[in-house]
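Asker: Here's a structure for you.
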Amino acid sequence: MRNLFPSSAGDGSSAFATRRRRWFFFALLVVVLAAFVIQGRGRQKDVAVRSLSDLNSSKIVIGVEKDTNAFSRTIETFPLATMRRYDDPTMMTEALKNGEVDAIAHDRPYLEYFAALDPELVVLSGSVGENSIAVAAPPGQPELLRQTNEFIAIFRGERGVENLNDKWDGAFKPVDSSSACLADDMYERWFKASDSRLPELPNPSNPINAGRPYVAGIALDNPPVGFVRDDGEAVGFEVEFVKRLALYMNAEIVVRPLLFEELSRALNSETIDFGFGFLDLDSGRCSYAVFSDPYLNAPTAVMVRRERYVADDRPVVYCAGMAPAQITVDQLTFAQRIKRSFEKTFLVDNRWKLFWKGLLVTIYITVVATVLGTLLAVLQCWMRRSKRAWLRYPAKTYIAFMQGTPILVILLVLYYVVFTKVSITGEMVAAIALALNFAAYAGEQMRTGVDGIDKGLIEAAVALGFGRFDVFRKIIFPIACRRIMPVYKGEFISLLKTTSIVGYVAIQDLTKASDIVRGRTYEAFFPLIATAIIYLVTAHLLASGFAYLEYRLDPVTRRKRAKGEVNV
Amino acid sequence: MSPDAPVTKMIEVKGLCKTFNGVSVLRNLDAFVNRGEIVSIVGPSGAGKSTFLRCLNLLETPDEGQIIVDGVDVDKMDVRKLRMKMGMVFQQFNLFPHLSALENIMLAPTSLLKMSKAEASDQAYELLDKVGLAGKAWAFPWELSGGQQQRVAIARALAMHPEIMLFDEPTSALDPTMVNEVLGVIRSLADEAGMTMAIVTHEMRFAREVSDRVFYMDQGIVYEEGDPEQIFERPRRDRTRAFIRRVDTARFEIDEDNFDFYSFNAQVEDFAMKHLLELELRQVMLLFLEELFDTFFLPKFHKFSFAIGVTEKREVEMRFVYPGRELDPMTDSEGLLVRGIFERNFSSVHYSRHDDENILDLVARRDLKLTPLS
């Protein structure tokens, strides 16, 4: 009997010991400090840069984005330099700013946009290679593609618009009337001026497809091409492009936010009619789609820090460790750096609201998945323990399937295959996916808890005259409950953390919110650490709810209350 | 039993059969227990005593036969009503670990008899007082000794006001020091008139004192029944007699090739301690066993068996079974060396030969002294 409740002899209130909490915050502090030290490690020796050719040196480290055309071209162009790969331009830019790399190579429009945002950055003239950006579409709709190509020809100024007078005002009027064509106008505003305002455009009057709008999937994690502005509006070069295309076609087109990774799947499942994501015409990234004519040239260019850049008319001095005298670089103290990062991440444009909304989504999914998952787990546990094979085997199969399949894959299958045609929110799909996974594990834990109960106890209850249901309610349930609570708590925390994958199906949870902010501030470090801390604190708070439940379920607590020793 | 109550059968069992995985445990068992009667059920392990008891409240489903409780066939009764009529106490106590002693006792009355919490609590305190644990109301099972747990379990069964109490080896899982506190409680219950009780036990003295009638079970039936004096003093049948005389035995198969004398010694000593033999007797016994083994049995026979038992009269019996030609150490010249040990230490030495085996039965003297050879 004694070993049934090994821990209950102890004082139940220890779950709330302040000592543990102190440890927790101390550990947190150590982690944060260590991260800052690692991040701010010393800068490398400097070599002055005058033009592209200076970069072909063994002393140069160039940042490139993985799996892009720019990547292979940069390697070919600068065989002597060292390449470092990054996942996205934002992280790459951050790396350039903190001196991890000497230069980065990417599509010129992006680089000019970054340079416009940060005067410390300079884009070198000349290019390493050409890219053509185009619209992708599922192969089944040649008419849409034909119209798109027509639009692109006018957009690029390659075709006159005299016979389209009525459409000119709406679709093709540049904001700056001195622009040669609409493409130049939009390029100037979105990239070179980093202006995130969408010009006011009329809606199509009497659209040809009223009520059945075309869907344009746009990667909205990709400023300034497509992104969600802090006020929540989806804007960007491609968003404006779509609005003007809609006017030209006189059709309704709705923008569906996607992640870049989702584009090919969305095109494949034909859930969208247009795919935008600054797609290279010849990248072959998307084998299920056909491409329009290119609407923009995006040559691969190179960007360096201004302190490293020496304009062409100056004599070149290769001088390690010396910054050009005319540039002053702010030397911020550690505290100032944190303060600045904090302001950029949370306060500017009320970005904390994004975090807050993301956190609420995360908690919502966690709670719904836990409730749903627990119900499923009870059902699954009951079936798994049944003497009837036709109940037991489906449960066994279910467990084997869920435990052997990555939760991410299950989420994607539910989102893109099972619930494609069902009107249900992405959050609910995510909660269902996580609940299915949760049930497989929690159900097995419940089974262990129930199976571990001494048969003698059940016999004693039966001998007293209890029926099957009462035996479960009065004996098995309370004992099993208390036993599985610690592992159940662990499973819940694990679920909370697993919700961070829901960004894959375009849900703006906490992780996604931090991604968005990261894309906005060009700072990888602070938003990530901040997110980690928010998860940590949330998990800790929710876990302490379970700790309280454990404390209340402890029979010794009941005795203390019965004797009036405690009042909780 | 109060003398003026009319004698009616509370439990009647006819032709009860039960088989577990092809092993026949109960074979056509007939028995009855009168209203208010206290019956002890004794017998060797494997005789089906517990199974018989568990069939009465249908914890085991009989394969065949009829059980009549209070004049009604149990097949025609609501099984839960039947169980509420019978309290059961288990060898392993089986207290609910998530409930205190008080709550253990209150659970069934509040859930099944719809008793109010206050009423159930008052009754539980009374019952705890009755089993001598008034101060342990809020103790949890893991905080109680085995004897205390078993007393709470008895109180728990009594809380349902059963007409019949079934005790399934209530003291077998207890340390020897705690046996008496539990037997005491059962005895005081037995002294109160009215309750019908069936007790499976190995405590012969207790069975003899407390029972109105004793069942000796063997081979799946009630082999012999009668009042305690008859069963314990004048058993009529062979098996009963053998059982009563030698209540417990330990057997050892000895093979010279892998004989571990220290392990053997420890097991014999355990056995002796379990039967509360005096320290001196234990020591002498081990000494002469060592001498017998070293000088006679191990050198002459590679394999032989040894059994030791304690009778109801607390005599120590030993039996050696060894192979080979007829060899009675008391007469044969080869037994010369050990004859002295036998003569000094045993009150009776009996040699017989059976199926090519020599059997030597010994009964130790109660006044064994330390008198080693040479």
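Asker: Residues of the stretch B:245-262 being more than 25 Å from B:S172 (Cβ to Cβ) and either hydrophobic (A, V, I, L, M, F, W, C) or not in a loop (DSSP other than H, G, I, E, B) (or both), which ones?
Answerer: B:E253, B:I254, B:D255, B:E256, B:D257, B:N258, B:F259, B:F261, B:Y262
Asker: Could I ask something else about it? Given (1) farther than 25 Å from B:R187 by Cβ; (2) within 11 Å of chain A (Cβ to nearest Cβ); (3) under 21 Å from the mean Cα position of the chain (by Cα); (4) of a type in the set (V, I, T), where does B:V89 come up short, assuming only one miss?
Answerer: Every condition holds for B:V89 apart from (1).
Asker: When residues of the stretch A:422-465 are filtered for being touching a residue at least 40 places away in the same chain (Cβ under 8 Å) and of a type in the set (K, R), how many remain?
Answerer: 1
Asker: Something else about it: Of the residues that make up the stretch B:109-122, is at least one β-branched (V, I, T), within 12 Å of chain A (Cβ to nearest Cβ) and in contact with a helix residue (DSSP H, G or I) (Cβ under 7 Å, 6 or more places away or on another chain)? Full working, then the answer.
Answerer: First, the residues of the stretch B:109-122 that are β-branched (V, I, T): B:110.
Adding the requirement that they be within 12 Å of chain A (Cβ to nearest Cβ) leaves B:110.
Add one more test, that the residue is in contact with a helix residue (DSSP H, G or I) (Cβ under 7 Å, 6 or more places away or on another chain), and what stays is B:110.
There is at least one residue in the stretch B:109-122 that is β-branched (V, I, T), within 12 Å of chain A (Cβ to nearest Cβ) and in contact with a helix residue (DSSP H, G or I) (Cβ under 7 Å, 6 or more places away or on another chain).
Asker: Also: Scan A:Y416, A:Y393, A:Y364 and give me the residue that is farther than 18 Å from A:L495 by Cα and in contact (Cβ under 8 Å) with a residue 60 or more places away in the chain. Break it down stepwise before answering.
Answerer: Details: A:Y393 fails: in contact (Cβ under 8 Å) with a residue 60 or more places away in the chain; A:Y364 fails: farther than 18 Å from A:L495 by Cα.
After applying the criteria, what remains is A:Y416.
Asker: Here are the criteria: (1) outside any loop (DSSP other than H, G, I, E, B); (2) within 21 Å of the chain's Cα centre (by Cα). Tell me which single one A:D231 does not satisfy.
Answerer: (1)
Asker: Has the stretch A:438-449 got any residue that is within 14 Å of chain B (Cβ to nearest Cβ) and either among the hydroxyl-bearing types (S, T, Y) or crowded, with 20+ Cβ neighbours inside 10 Å (or both)? First the steps, then the outcome.
Answerer: Let us first name the residues in the stretch A:438-449 that are within 14 Å of chain B (Cβ to nearest Cβ), namely A:449.
Then keep just the ones that are either among the hydroxyl-bearing types (S, T, Y) or crowded, with 20+ Cβ neighbours inside 10 Å (or both); that gives A:449.
Checked the stretch A:438-449: at least one residue is within 14 Å of chain B (Cβ to nearest Cβ) and either among the hydroxyl-bearing types (S, T, Y) or crowded, with 20+ Cβ neighbours inside 10 Å (or both).
Asker: Of the residues that make up the stretch B:51-61, is at least one touching a helix residue (DSSP H, G or I) at 6+ places or on another chain (Cβ under 8 Å) and surrounded by 22 or more Cβ atoms within 10 Å (Cβ to Cβ)?
Answerer: Yes - at least one qualifying residue is present in the stretch B:51-61.
Asker: I need the full set of residues from the stretch B:128-160 which are more than 20 Å from A:L457 (Cβ to Cβ) and without any contact (Cβ under 8 Å) to a residue 24 or more places away in the chain, in order please.
Answerer: B:D129, B:A134, B:G135
Asker: Please go through the stretch A:393-424 and pick out each residue that is touching a helix residue (DSSP H, G or I) at 6+ places or on another chain (Cβ under 6 Å), surrounded by 16 or more Cβ atoms within 10 Å (Cβ to Cβ) and within 21 Å of A:A442 (Cα to Cα). Quick ask: steps written out before the conclusion?
Answerer: So the first thing to find is which residues in the stretch A:393-424 are touching a helix residue (DSSP H, G or I) at 6+ places or on another chain (Cβ under 6 Å), and the list is A:395, A:399, A:402-403, A:407-408, A:410-411, A:414-416, A:419.
Now drop any that are not surrounded by 16 or more Cβ atoms within 10 Å (Cβ to Cβ), which leaves A:395, A:399, A:402, A:407, A:410-411, A:414-416, A:419.
A:A395, A:I399, A:M402, A:I407, A:I410, A:L411, A:L414, listed by residue number.
Asker: Now, a different point. Could we say that A:R146 is over 21 Å from A:N222 (Cβ atoms), free of Cβ contacts under 8 Å to residues at least 60 places away in the same chain and either surrounded by fewer than 15 Cβ atoms within 10 Å (Cβ to Cβ) or within 29 Å of the chain's Cα centre (by Cα) (or both) here? Steps first, please.
Answerer: Numbers: over 21 Å from A:N222 (Cβ atoms): yes; free of Cβ contacts under 8 Å to residues at least 60 places away in the same chain: yes; either surrounded by fewer than 15 Cβ atoms within 10 Å (Cβ to Cβ) or within 29 Å of the chain's Cα centre (by Cα) (or both): yes.
Answer is yes for this residue.
Asker: What number goes with the only condition from (1) more than 10 Å from chain A (Cβ to nearest Cβ); (2) out of contact with any helix residue (DSSP H, G or I) (no Cβ under 8 Å at 6 or more places or on another chain) that B:M106 does not pass?
Answerer: If we test B:M106 against (1) more than 10 Å from chain A (Cβ to nearest Cβ); (2) out of contact with any helix residue (DSSP H, G or I) (no Cβ under 8 Å at 6 or more places or on another chain), just (2) comes out false.
Asker: Could you list, in sequence order, the residues of the stretch B:108-127 that are aliphatic (A, V, I, L, M) and touching a residue at least 12 places away in the same chain (Cβ under 8 Å)?
Answerer: Initially, the stretch B:108-127 is screened for residues aliphatic (A, V, I, L, M), giving B:108, B:112-113, B:115, B:118, B:120, B:124, B:127.
If the condition is that a residue be aliphatic (A, V, I, L, M) and touching a residue at least 12 places away in the same chain (Cβ under 8 Å), then B:A108, B:L112, B:L113, B:A120, B:A124, B:L127 are the ones that fit.
Asker: With B:D30, B:D63, B:D78 as the choices, which residue is over 25 Å from B:I186 (Cβ atoms), more than 14 Å from every other protein chain (Cβ to nearest Cβ), over 24 Å from the mean Cα position of the chain (by Cα) and at pLDDT 90 or above?
Answerer: Numbers: B:D30 fails: over 24 Å from the mean Cα position of the chain (by Cα); B:D78 fails: more than 14 Å from every other protein chain (Cβ to nearest Cβ).
Only one candidate qualifies: B:D63.
Asker: Restrict the check to the stretch A:377-385 and report whether at least one residue is in the same structural domain as A:I476 (by TED's automatic domain parsing), basic (K, R), assigned to a helix (DSSP H, G or I) and touching a Gly at 6+ places or on another chain (Cβ under 9 Å). Reasoning before the result, please.
Answerer: Initially, the stretch A:377-385 is screened for residues in the same structural domain as A:I476 (by TED's automatic domain parsing), giving A:377-385.
Subset that is basic (K, R): A:384-385.
Pick out the ones that are also assigned to a helix (DSSP H, G or I) and you get A:384-385.
Retained after the next criterion (residues that are touching a Gly at 6+ places or on another chain (Cβ under 9 Å)): A:384.
Yes, because at least one residue in the stretch A:377-385 is in the same structural domain as A:I476 (by TED's automatic domain parsing), basic (K, R), assigned to a helix (DSSP H, G or I) and touching a Gly at 6+ places or on another chain (Cβ under 9 Å).
Asker: Only one residue in A:V378, A:V422 is β-branched (V, I, T), over 25 Å from the mean Cα position of the chain (by Cα) and away from every other protein chain (no Cβ under 14 Å). Which one?
Answerer: Values: A:V422 fails: over 25 Å from the mean Cα position of the chain (by Cα).
Testing whether each residue is β-branched (V, I, T), over 25 Å from the mean Cα position of the chain (by Cα) and away from every other protein chain (no Cβ under 14 Å) leaves just A:V378.
Asker: In addition: Filter the stretch A:482-494 down to the residues that are closer than 22 Å to A:R558 by Cβ and more than 9 Å from chain B (Cβ to nearest Cβ) and list them by number.
Answerer: In the first step, residues of the stretch A:482-494 are kept if they are closer than 22 Å to A:R558 by Cβ; the result is A:482-486, A:488-489.
Result: A:R483, A:I484, A:M485, A:P486, A:Y488, A:K489.
Asker: Run A:R552 past the list (1) within 14 Å of chain B (Cβ to nearest Cβ); (2) under 23 Å from the mean Cα position of the chain (by Cα) and report the number of the one that doesn't hold.
Answerer: So A:R552 meets the others, but not (2).
Asker: So how many residues does the stretch B:223-244 have that are more than 16 Å from B:S45 (Cβ to Cβ) and outside any helix (DSSP H, G or I)?
Answerer: Within the stretch B:223-244, residues that are more than 16 Å from B:S45 (Cβ to Cβ) and outside any helix (DSSP H, G or I) number 8.
Asker: Let me ask something additional. Which residue is nearest to A:V361 (Cα to Cα), if the candidates are limited to the stretch A:503-531 and must be more than 8 Å from the chain's Cα centre (by Cα) and of a type in the set (V, I, T)?
Answerer: Within the stretch A:503-531, the match that is nearest to A:V361 (Cα to Cα) is A:I507.
Asker: Scan the helices (runs of 4 or more DSSP H) fully inside the stretch A:1-112 and keep the ones with 3 or more residues being out of contact with any strand residue (DSSP E or B) (no Cβ under 6 Å at 6 or more places or on another chain) and modelled with pLDDT under 70. Before you say what the answer is, go through the steps one by one.
Answerer: Working: elements: A:18-39, A:69-77, A:89-97.
Where helices (runs of 4 or more DSSP H) fall fully within the stretch A:1-112 and carry at least 3 residues being out of contact with any strand residue (DSSP E or B) (no Cβ under 6 Å at 6 or more places or on another chain) and modelled with pLDDT under 70, they are A:18-39.
Asker: Quick one: in the stretch A:103-143, of everything that is touching a Phe, Trp or Tyr at 6+ places or on another chain (Cβ under 9 Å) and among the charged types (D, E, K, R), which residue is surrounded by the most Cβ atoms within 10 Å (Cβ to Cβ)?
Answerer: Per the criteria, the residue is A:D107.
Asker: Only one of (1) part of a helix (DSSP H, G or I); (2) over 19 Å from B:F90 (Cβ atoms); (3) within 13 Å of another protein chain (Cβ to nearest Cβ) fails for B:W138. Which number is that?
Answerer: It fails just one condition, (1).
Asker: When only residues in the stretch A:454-475 that are surrounded by fewer than 18 Cβ atoms within 10 Å (Cβ to Cβ) and assigned to a helix (DSSP H, G or I) count, which is nearest to the other protein chains (Cβ to nearest Cβ)?
Answerer: Step one: list which residues in the stretch A:454-475 are surrounded by fewer than 18 Cβ atoms within 10 Å (Cβ to Cβ), which gives A:454-456, A:458-459, A:467-469, A:472-473.
Narrowing further to those that are assigned to a helix (DSSP H, G or I): A:455-456, A:458-459, A:468-469, A:472-473.
Numbers: A:K455: 9, A:G456: 4, A:I458: 9, A:E459: 6, A:R468: 10, A:F469: 11, A:F472: 12, A:R473: 9 Å.
Here the residue is A:G456.
Asker: How many residues, within the stretch B:151-206, are within 18 Å of B:N57 (Cβ to Cβ), within 15 Å of the chain's Cα centre (by Cα) and not in a loop (DSSP other than H, G, I, E, B)?
Answerer: Number satisfying all stated conditions: 6.
The values are calculated or read from the model by the stated rules, or taken from the named source; none is laboratory data. Worth saying up front: this structure is predicted, and the values here are computed from it rather than measured. Every residue, glycine among them, receives a Cβ derived from its backbone with ideal geometry; neighbour counts consider all protein chains shown.
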